[in-house]
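Okay, so here's the structure we're looking at.
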Amino acid sequence: MVDVRHPHLHRGLKVLGTLFITLSAITPASSVFIIAPGVIGQAGTGAFWAYVLAAVVGVFMAFVYAELGSAYPLSGGEYAIVARVSGKPAGFVVLGLFLVTQLLIIAVIALGVGTYLSVVFPGLHAPTVGAVTTVLATVLAVFDIKLNAWITGIFLAIEMIALVVVSLLGFLKPQRSFADLLLHPVAASGDGTVIAASAGLIGAATAVAIFSYNGYGAAVYLGEELQDAKRSMARTILWALAITVAAELIPVTAVLIGAPALKDLFGAENMMSYFVGATAGSTLNTVISLAIVVAILNAVLAIVLVTARMVFSTGRDGTWPSPVSRALGAIHPRFGSPWIATLVAGLIGAAFCYVDEHFLLVVTSTTIIAIYAALCLSTIAGRRNGTTAHAGYRMPAFPLAPILALLALGYVAYRNFLDPVVGRPSLIATVVIAVLSAVYYLLVLRRRAWELTGPSE
């Protein structure tokens, strides 16, 4: 039964619409064109193994998300789940981590619009273009969720076509064999030459590849709007991961196999534009760049949608001072959307477009490791204390998936600690956010007896 004392969202989404929005939040095309160059820059052709290893971790985490999400398909997402399974203090720390990450990641993705529009319109101011993109996406996000599902579905089709084209460019004219990727991965050295890619380089790049796949769990945020959520949630999450892995691993592999010169690929300012231009010419490069702009707009729209629902949930739970919480918990009378929470999330994301991009990457890079770890531990705790006994899905071979995922996450955290440029500062930022969140809970929310609300089915 839905608790009528608190605002609740309308269950108007089916699995396909939820899958459209979830895949758009992951945005495979944006990941390939914006995040994958970072993986290739670190590991060279070892990026193939980084994406394979990240996919294995993704399978483990998808099982975790599917079980927890089918037990608690709530708009609060990870924090709402962890708080119910592992306790409110842990849940609020996860909220602090994810709230900061989600608001900043809107800007990280939106800044990519200027990069690819500059192919057609040189000299664009990337922060302003990103901010305008975010504001446009925010306006769309205020409308009915079913309308947004169709919009994201259409945009998603465009970005998938772009990925198919990139894949064909690489596989139809291969410059090296698939066996070279498997057995002899190479990477760029400091002096511009190509050297063997070490296991350490591949391990460090795996952390970025995990981030590239991240987002399949975003389906949980739409749980209060998904019909028959407890049965449909697991299917949506698992399908989202499977499609994402295929949509990213295949074109990345094609680029590594089909790039005319690895040295030039590794040294290119825009690796994907270099690849398309070198293999198909400037005209197709322009067309693909415009398709990526559409993909990024789609991603920003989807991320604003899911972030707004988390912000809405914090208001409904009374996380902030009463006037702020009431406003964030408001639902539009016509569109049924958390409209104030949507505007807040979008405008904050637009403002962060003017913040130094290195700072954004430092703050967001490793928070996902801590959140994944909290979910893995919550899965184990839920089985022990019975809080997930009512889940509509049970992962196979429990507790293998959460334990192996924790081991993989520990290794990724270690590799990040060895990176003094982004990894180590990011870990420090993650700890700082977690500590501040814990302090806020202890000094403010615990005294109020923080209330977790939302539909019970």
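The values are calculated or read from the model by the stated rules, or taken from the named source; none is laboratory data. The shown structure was predicted, so the numbers you read here are calculated from the model rather than taken from an experiment. Cβ coordinates were reconstructed from backbone atoms using ideal geometry, including for glycine residues, and neighbour counts include every protein chain displayed. What goes into the accessible areas is simple: the full protein's heavy atoms, side chains included, and nothing from ligands, DNA or RNA. Shrake-Rupley method; radii C 1.70, N 1.55, O 1.52, S 1.80 Å.
Across the alpha-carbon set of the range 334-401, the Rg to Rh ratio works out to 1.17, Rh being the Kirkwood radius. When Lys230, Lys173 are compared by accessible area at a 1.4 angstrom probe, the order from most to least is Lys173, Lys230. Hydrophobic long helices, here whole DSSP H runs in the chain with Kyte-Doolittle means of at least -0.5 and Cα atoms spread over 30 Å or more along the helix axis, are found at 47-71, 88-110, 145-172, 229-258, 282-316. In this structure Ser212 has an accessible area near 0 Å², from a 1.4 Å probe over the protein heavy atoms.
Taking the alpha carbon gyration tensor of the range 202-304, multiplying each eigenvalue by 5 and rooting it gives semi-axes of 33, 17, 11 Å, largest first. Within the chain, the ratio Rg/Rh, alpha carbon atoms throughout and Rh by Kirkwood, equals 0.96.
For the range 327-454, the normalised intensity computed at q = 0.21 Å⁻¹ comes to -1.19 (log10 of I(q)/I(0), Debye sum over alpha carbons, equal scatterers, no solvent). Note on the chain: dipole from Cβ charges, positive end direction compared against Ile21, Ser322, Leu290; the farthest Cα belongs to Ser322. Let a ≥ b ≥ c be the square roots of the eigenvalues of the Cα gyration tensor of the range 162-220; is it rounded (a/c under 1.5), or, if not, prolate (a/b larger than b/c) or oblate? Oblate is the answer for the range 162-220, as a/c is 1.5 or above yet b/c matches or exceeds a/b.
Note on Thr128 and Leu284: with the Förster distance fixed at 25 Å, the Cβ-Cβ geometry gives a FRET efficiency of about 0.35.
How far is it, in nm, from the label point at Leu436 to the one at Ile195 when both lie 7 Å from their Cα along the line to the Cβ? According to this spin-label approximation, the distance is 3.8 nm.
By the Cα gyration tensor, the range 269-325 has an equivalent ellipsoid whose semi-axes, rounded to whole angstrom, run 43, 9, 7 from largest to smallest. In a fully extended conformation the segment linking Asp356 and Glu269 would gain 29.5 nm over its present Cα-Cα distance, using 0.36 nm per residue. A viscosity of 1.306 mPa s and a temperature of 10 °C, combined with the Kirkwood radius over C-alpha pairs in the Stokes-Einstein formula, give the range 69-145 a diffusion coefficient of 108 µm²/s.
Calculated on the Cα set of the range 108-233, radius of gyration then Dmax: 20.0, 57 Å.
Considering only alpha-carbon pairs that sit under 8 angstrom and 6 or more positions apart, the relative contact order computed for the chain is 34 percent. Here the Kirkwood formula, the inverse mean of 1/r across different C-alpha pairs, assigns the range 226-361 a hydrodynamic radius of 18.7 Å. Using a probe radius of 1.4 angstrom, the carbon and sulfur fraction of the accessible surface of the chain is 71%. Per residue, the convex hull around the alpha carbon atoms of the range 368-434 comes to 89 Å³.
Separation of the range 228-255 from the range 20-58 is 13 Å, based on Cα centroids.
With the simple model of a label 7 Å out from the Cα in the direction of the Cβ, Val120 to Ala261 spans 3.0 nm.
Here the range 83-142 and the range 323-354 have alpha carbon centers that stand 14 Å from each other. Rounded to the nearest 500, the helix-only mean residue ellipticity at 222 nm of the chain stands at -22500 deg cm²/dmol, with each DSSP H run of n ≥ 4 adding -39,500 (n - 2.57).
Residue order by solvent-accessible surface for Arg231, Arg394, Arg309 is Arg231, Arg394, Arg309, largest first, with ligands and nucleic acids left out and a 1.4 Å probe.
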